Amino acid sequence: KAGVTQTPRYLIKTRGQQVTLSCSPISGHRSVSWYQQTPGQGLQFLFEYFSETQRNKGNFPGRFSGRQFSNSRSEMNVSTLELGDSALYLCASSLEGGYGEKLFFGSGTQLSVL
Amino acid sequence: GIQVEQSPPDLILQEGANSTLRCNFSDSVNNLQWFHQNPWGQLINLFYIPSGTKQNGRLSATTVATERYSLLYISSSQTTDSGVYFCAVATYGNKLVFGAGTILRVKS
């Protein structure tokens, strides 16, 4: 069974641009979560999607958004990029995001904002 | 919100040694997971353990929910165990709050 797949692996953008990251969950998993990892703030929860609906949201500005498609694949978008958005963005999936479920992470997308 | 503290922040071991990593959390949780982040950045799920004890090969974990802490034991460490170990908790669902991690270096 294939794991969580994130594309692209690396991305370089300039301030003010926007970016879209993609995540394909493990087959059969319907819950997809996104996390941001930076040296200063560590790992922080961005949002979770289940059945094409955002179910939970972290404390990030509205420039960060996401969506989930009917096949459970998810995308996250960051608009008007800032230098501080440089980070490793990790996607995770689980069956339904419920009690007792392990979370499985992809390898991440390393975003650099210049 | 819930606070998660991990100790020690750094640990250097000789190959073959044993170690214990600790995770303290500030509130009741129904979700606690341990992860290992490898040098390529991927987070590998080691345990889902909101309470009790589990073992997987050389690794085992114990969570004492009433006292709000969890321990990860690594026995007979190998160089491939190097990396960062994270504890993450949630009061509901999968909205995990991560600790700052323990950086483990195993020397041959």
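The values are calculated or read from the model by the stated rules, or taken from the named source; none is laboratory data. Keep in mind it's a predicted model, so treat the numbers as computed, not measured. For neighbour counting, all protein chains shown are included, and Cβ atoms are generated from backbone atoms with ideal geometry for every residue, glycine included. SASA here: full protein model, heavy atoms, side chains in, ligands and nucleic acids out. Shrake-Rupley method; radii C 1.70, N 1.55, O 1.52, S 1.80 Å.
Restricting attention to region B:42-55, which residues are within 12 Å of chain A (Cβ to nearest Cβ) and more than 13 Å from the chain's Cα centre (by Cα)? Within region B:42-55, B:Gln42, B:Ser51 meet the criteria.
Of all residues in region A:83-114, those being among the small types (Gly, Ala, Ser) and in contact with a Pro (Cβ under 7 Å, 6 or more places away or on another chain) number 1. Restricting attention to region B:41-58 and to residues that are open to solvent by less than 30 Å² (accessible area, probe 1.4 Å) and assigned to a strand (DSSP E or B), the residue that is nearest to B:Asn31 (Cα to Cα) turns out to be B:Tyr48. Selection over region B:59-102 of residues that are assigned to a strand (DSSP E or B), within 12 Å of chain A (Cβ to nearest Cβ) and either of a type in the set (A, V, I, L, M) or in contact with a helix residue (DSSP H, G or I) (Cβ under 7 Å, 6 or more places away or on another chain) (or both) gives a count of 5.
Filtering region A:55-76 to residues that are of a type in the set (S, T, N, Q), more than 12 Å from chain B (Cβ to nearest Cβ), part of a strand (DSSP E or B) and surrounded by fewer than 19 Cβ atoms within 10 Å (Cβ to Cβ) leaves only A:Ser65.
Is one or more of the residues making up region A:81-96 more than 10 Å from every other protein chain (Cβ to nearest Cβ), in a strand (DSSP E or B) and surrounded by fewer than 15 Cβ atoms within 10 Å (Cβ to Cβ)?
Checked region A:81-96: no residue is more than 10 Å from every other protein chain (Cβ to nearest Cβ), in a strand (DSSP E or B) and surrounded by fewer than 15 Cβ atoms within 10 Å (Cβ to Cβ).
Listed conditions (1) within 14 Å of chain B (Cβ to nearest Cβ); (2) open to solvent by 40 Å² or more (accessible area, probe 1.4 Å); (3) in contact (Cβ under 8 Å) with a residue 24 or more places away in the chain; (4) part of a loop (DSSP other than H, G, I, E, B) are all met by A:Gly40, apart from (3).
Taking the criterion of being at pLDDT 95 or above and surrounded by 15 or more Cβ atoms within 10 Å (Cβ to Cβ), the residues of region B:59-74 that qualify are B:Leu59, B:Ser60, B:Ala61, B:Thr62, B:Thr63, B:Arg68, B:Tyr69, B:Ser70, B:Leu71, B:Leu72, B:Tyr73, B:Ile74.
A count restricted to region B:28-41 and to residues that are closer than 16 Å to B:Ile103 by Cβ and within 11 Å of chain A (Cβ to nearest Cβ) stands at 7.
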